[in-house]
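Presented below is the structure to which this report refers.
The values are calculated or read from the model by the stated rules, or taken from the named source; none is laboratory data. Because the structure is predicted, anything quoted here is derived from the model rather than measured. As a convention, Cβ positions derive from the backbone with ideal geometry for all residues, glycine included, and neighbour counts pool all protein chains shown.
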Amino acid sequence: MIKIVLFGPQGAGKGTQADRLSKRLEIPHIPTGQMLREEIAANTKLGQKVSEIMNRGELVTDWQMNEIIRDRVNAPEYQNGFILDGYPRNVEQAEFLDYQIAVDKVLFLNLPKTEVMKRLSGRLTCPKCGAIFHKIFNPSKSGDKCDRCGTVLQVRADDTPEAIAKRLEQYEEETQPLHEYYLKKGVLIEIDAAPDIEQVGLLIWEALGL
Ligand code: ADP
Ligand code: ADP
Ligand code: ZN
């Protein structure tokens with residue numbers, strides 16, 4: 001049983017690695033950004049509220065996110081462990097999470113800024129199952145369709161230069177302080193996210209001591 005948090009700059013490979021790790025460890029993946037995109041696609045009340053905020057690359061309010069997370073991490077199917085990807089995004093959310101559960105490991109996927117744009121500018125995602133591809137680094141075998149479910153892949157609505165710049169700015173201001181927060185708690189593990197997908201996967205596996 002292990003409760004893992006992944007954080008790091010946009011494009012570091014959090015979604016990609018969380019998905020792999022979730023399969024290997026057989027524990028659920030909680031990708032908050034993807035969950036919100038599904039709310040938007042299904043045109044739910046929450047989806048309508050967050051759609052413009054997300055497309056601008058701004059953050060959804062802490063209380064909206066905290067509510068979603070509280071329901072998940074306390075649900076019976078999450079008691080054998082889980083991988084949080086995209087939450088917490090700031091110290092307030094981290095404090096809220098600590099109040100709910102004890103985090104075992106926090107993986108900080110570190111990627112130099114110069115690499116971020118290369119990753120994000122080629123990202124393609126499946127609007128149906130959330131699978132993540134890259135035009136060059138991780139192309140779908142079937143061209144423009146998802147290898148898992150056959151849906152036509154899309155460029156995320158917030159992978160525009162303006163929204164990416166905004167998200168990176170938010171990352172530096174809001175999310176970076178989590179490094180110190182979790183370091184102090186003694187649960188932080190830093191992973192070099194620059195190598196290829198397989199290699200980063202190995203580094204994570206080794207770091208977790210599994
Ligand atoms: P990225 O890491 O590239 O910004 P995500 O898929 O993790 O992408 O998140 C997409 C968007 O979803 C964010 O820009 C933000 O608007 C919203 N979001 C996701 N998780 C959170 C969170 N924990 N707190 C606030 N907003 C969030
Ligand atoms: P994050 O969730 O941290 O924003 P993603 O997992 O969505 O990152 O990955 C961003 C993009 O970079 C995707 O297109 C993905 O296929 C690609 N990618 C992920 N990890 C690597 C890697 N180690 N090397 C090259 N490309 C990668
Ligand atoms: Zn799919």
Review point. Is it the case that the range 4-22 has a residue that's away from ligand 2 (no atom under 12 Å from the Cβ), within 22 Å of ILE189 (Cα to Cα) and modelled with pLDDT under 95?
Key: no
Practice item. Sort out which residues of the range 103-134 are within 16 Å of ligand 3 (Cβ to nearest atom) and over 12 Å from GLN10 (Cα atoms), and write them in order of number. Key: LEU124, THR125, CYS126, PRO127, LYS128, CYS129, GLY130, ALA131, ILE132, PHE133, HIS134
Check your understanding: Taking into account only those residues within the range 161-184 that are touching a residue at least 24 places away in the same chain (Cβ under 8 Å) and among the polar types (S, T, N, Q), which is farthest from ligand 1 (Cβ to nearest atom)?
Key -> THR175
Review point. Which of the residues spanning the range 61-72 are closer than 13 Å to GLN100 by Cα and more than 16 Å from the chain's Cα centre (by Cα)?
Key: GLU67, ARG70, ASP71
Review point. Going by the conditions given, is GLN17 within 24 Å of LYS166 (Cα to Cα), more than 8 Å from ligand 1 (Cβ to nearest atom) and surrounded by 15 or more Cβ atoms within 10 Å (Cβ to Cβ)?
Key: yes
Review point. What is the residue count in the range 128-159 for residues that are surrounded by fewer than 17 Cβ atoms within 10 Å (Cβ to Cβ), within 14 Å of ligand 1 (Cβ to nearest atom) and not polar (S, T, N, Q)?
Key: 2
Point to revise | Residues located in the range 56-99, provided they are surrounded by 14 or more Cβ atoms within 10 Å (Cβ to Cβ), polar (S, T, N, Q) and free of Cβ contacts under 8 Å to residues at least 40 places away in the same chain | key: GLN64, ASN66, GLN93
Check your understanding: Looking only at the range 111-127, which residues are within 24 Å of VAL5 (Cβ to Cβ), surrounded by fewer than 18 Cβ atoms within 10 Å (Cβ to Cβ) and touching a helix residue (DSSP H, G or I) at 6+ places or on another chain (Cβ under 9 Å)?
Key -> LYS113
**Study point:** Test for GLU26: is it in contact with a Lys or Arg (Cβ under 8 Å, 6 or more places away or on another chain), surrounded by fewer than 19 Cβ atoms within 10 Å (Cβ to Cβ) and of a type in the set (D, E, K, R)
**Key:** no
Review point. In the range 192-210, which residue that is charged (D, E, K, R) and touching a residue at least 40 places away in the same chain (Cβ under 8 Å) is nearest to ASP19 (Cα to Cα)?
Key: ASP196
Check your understanding: Just for strands (runs of 3 or more DSSP E) wholly inside the range 87-199: which have at least 2 residues that are of a type in the set (A, V, I, L, M, F, W, C) and at pLDDT 95 or above?
Key -> 105-110, 132-134, 188-192
